[in-house]
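Take a look at the structure below.
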Amino acid sequence: MPSSVMPTPRKGGGPQAPAAVSTIGLRKSYGDKTVLDGIDLRIPAGSVFALLGPNGAGKTTTVQILSTLIAADGGQAQVAGHDVATSPDGVRAAIGVTGQFSALDDLLTAEENLLLMADLLRLGKREGRFRAQKLLERFDIANVAHNRAATFSGGMRRRLDLAMTLVGDPQVIFLDEPTTGLDPRSRRTMWDTVRSLVAGGTTVFLTTQYLDEADQLADRIAVLDGGRIVAEGTADELKARIPGSHVRLRFTESAEYERAAAAFPGAARDEENLALRVAGDAGLDALRALLDRLDAAGIRAADFSAHTPDLDDVFLTLTGDGSTGTSLHVKETLR
Ligand SMILES: Nc1ncnc2c1ncn2[C@@H]1O[C@H](COP(=O)(O)OP(=O)(O)OP(=O)(O)O)[C@@H](O)[C@H]1O
Ligand SMILES: [Mg+2]
């Protein structure tokens, strides 16, 4: 069944756009633990790239290397035309980073945090005040500009964090799990902000655990697992890589199950759960036809669920756990 929320049209730079970020064979180990085992990336300028991966996959490590916070052990990386190893100052001047954990000074007000950032960037007093004011308005925190960051909610902190990142007007922005812990409304606000940045020509490199976030925002997605990129492409390309739509029929009696298996000879059997997996379209018409066919044969299924692959399946399939949990079935059925 198609998702009710259609992704917005992609506006990001096409594959021909110059690379804003590119890496070849990037490697990083801590002790004898290999975190990144040869990472190749090419991110066109003006696009959104999402790096997906389970906890500990090396997402933050990748962001730290690309933003020159730590050095790689091997390989090459260029950001905004500068090599991270030989021209770190060039990289730093072109980027903004919103880390996984807040970088706000809790004792300072929202405005003071922004002005501090402007000072660090040597923007000058007048320019600093001007940009701080604009960002406070843009991120809807002007009304609390004089409150200490310590008093802010998680969503307000995240907005102020991003505002801090934008003080220097960067070409490339790294957002490490920008919406973790945010409520659905704040997440959407963050997504809108990312889209407006990209519409203005900025390149966004984000990491996320949320597959719908990557689906909604990213022109291209890479899945990081075991130190390697295990898949890379558009959301649709990734979805096309895994087994297609199917309907799962479950029975309570084995006689019923066997009769159904005979009626659907092509179906995959799941003996343990007395379930059949019938490949094919999971749309309404196809479902109706399938149920009619069961009815005509006088077979009663205990329950059924229709399943269309989504990014969750891609993620679970590619990062080791290929099973699709009950929650997915429930979700698919409810759509
Ligand atoms: N400074 C460090 N010293 C030792 N090991 C580290 C260090 N930083 C990261 N690691 C290890 O490197 C691996 C990757 O960590 P990283 O923070 O990049 O993962 P991540 O994908 O960002 O995870 P999460 O989703 O939890 O944020 C982990 O096993 C982590 O324990
Ligand atoms: Mg991380």
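The values are calculated or read from the model by the stated rules, or taken from the named source; none is laboratory data. Quick caveat: nothing in here was measured; it's all calculated off a predicted structure. Heads up, the Cβs are rebuilt from the backbone with ideal geometry, glycines too, and the neighbour counts pull from every protein chain shown.
Selection within segment 33-81: residues that are small (Gly, Ala, Ser) and out of contact with any helix residue (DSSP H, G or I) (no Cβ under 8 Å at 6 or more places or on another chain). The member of this set that is farthest from ligand 1 (Cβ to nearest atom) is ALA45. Quick check: is even one residue across segment 199-211 more than 22 Å from ALA235 (Cβ to Cβ) and touching a Lys or Arg at 6+ places or on another chain (Cβ under 7 Å)? No: segment 199-211 contains no residue that is more than 22 Å from ALA235 (Cβ to Cβ) and touching a Lys or Arg at 6+ places or on another chain (Cβ under 7 Å). Could you please find all residues in segment 42-66 being away from ligand 2 (no atom under 13 Å from the Cβ) and either surrounded by fewer than 21 Cβ atoms within 10 Å (Cβ to Cβ) or of a type in the set (Ser, Thr, Tyr) (or both)? Answer for segment 42-66, where residues must be away from ligand 2 (no atom under 13 Å from the Cβ) and either surrounded by fewer than 21 Cβ atoms within 10 Å (Cβ to Cβ) or of a type in the set (Ser, Thr, Tyr) (or both): ARG42, PRO44, ALA45, SER47. Evaluating ASP32 against the criteria (1) within 16 Å of ligand 2 (Cβ to nearest atom); (2) more than 22 Å from ALA231 (Cα to Cα) leaves one unmet condition, (1).
If you filter segment 252-289 down to residues that are under 15 Å from SER305 (Cβ atoms) and in a loop (DSSP other than H, G, I, E, B), you find that the one that is modelled with the lowest pLDDT is ALA282. Of all residues in segment 86-111, those satisfying the criterion of being within 16 Å of ligand 2 (Cβ to nearest atom), in contact with a strand residue (DSSP E or B) (Cβ under 9 Å, 6 or more places away or on another chain) and among the polar types (S, T, N, Q) are THR98, GLN100.
Just one of the listed residues (LEU107, LEU162) is out of contact with any Asp or Glu (no Cβ under 8 Å at 6 or more places or on another chain) and under 26 Å from ALA72 (Cα atoms), and it is LEU162.
For the structure I just gave you, tell me whether VAL204 is under 15 Å from the mean Cα position of the chain (by Cα) and of a type in the set (Val, Ile, Thr).
Yes.
Is it the case that segment 73-81 has a residue that's touching a Lys or Arg at 6+ places or on another chain (Cβ under 7 Å), within 18 Å of THR98 (Cβ to Cβ), away from ligand 2 (no atom under 16 Å from the Cβ) and modelled with pLDDT of 95 or more? There is no residue in segment 73-81 that is touching a Lys or Arg at 6+ places or on another chain (Cβ under 7 Å), within 18 Å of THR98 (Cβ to Cβ), away from ligand 2 (no atom under 16 Å from the Cβ) and modelled with pLDDT of 95 or more.
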